[in-house]
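Structure first, then comments.
Throughout, read-outs are computed from the coordinates displayed, never taken from laboratory work. Since we're looking at a predicted model, the values are computed, not measured. Glycine also receives a Cβ, built like all others from the backbone with ideal geometry; neighbour counts cover every protein chain displayed.
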Amino acid sequence: MAIGKPASLEPENGAHERLLVEAAQKDPARFADIYESNFEVVYAYIVRRVPDRDSAEDLTSEVFKKALESLPRFSWRGKPFAAWLLRIAANMVADRFRHANRATELSEVEDEGTSVQISLEEVERQARLSRLVDQLPADQGRVIRLRFAEEKSIREIAHDLGRTEGAVKQLQFRALQTLRVQLEEKSGERNA
């Protein structure tokens, strides 16, 4: 199956994407268009977080299944549809790790429970970070996902987005600055 560049990450396709979502809400058979437009983004996100390829493929399938089931309740807020899909993916990855770690924790000796707890905390931190990235302005979130989830270079991102390398660096800087502040605020709330 030939899959093109994800439509949901291109701002000029926002109106087209909204029409696709509305059509799929009326006729679930139209969800295939959304699937094809967003598969690569969701799979790339998951495959970076799940070490086993079969598990990554299964989880990607589950994300789209859950999205199709939840589509009637989706309301358009002007953000790329991929942001909603990636939020579902982040939650499912976190749930899978949480479930796997709890099962491991129950079967391990008591002193080894500490390492499992650290892993669980890391998964929760990653899920929180993913949700914060979803809340960034669209261009900043896109740059962060391309740079760190897909591990693309500044040059590749600039080419993909039709921007200068300086503009991409500036977007990355602003996004990281915002994320740092938000993480510090969240950390301060927990320690208070």
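Give 26/65; 26/152; 79/169 a once-over and call out the pairs whose C-alpha atoms are over 27 Å from each other. The answer is 26/152. If Lys and Arg each add +1 and Asp and Glu each add -1, what is the summed charge of the other residues whose beta carbon sits under 14 Å from the beta carbon of residue 60? Net of charged neighbours comes to -1.
Taking other C-beta atoms within 10 Å as the exposure proxy, 41, 143, 21 rank 21, 41, 143 from fewest upward. For residue 96, the shell of other residues with beta-carbons less than 10 Å away shows a net charge of -1, using +1 for Lys and Arg and -1 for Asp and Glu.
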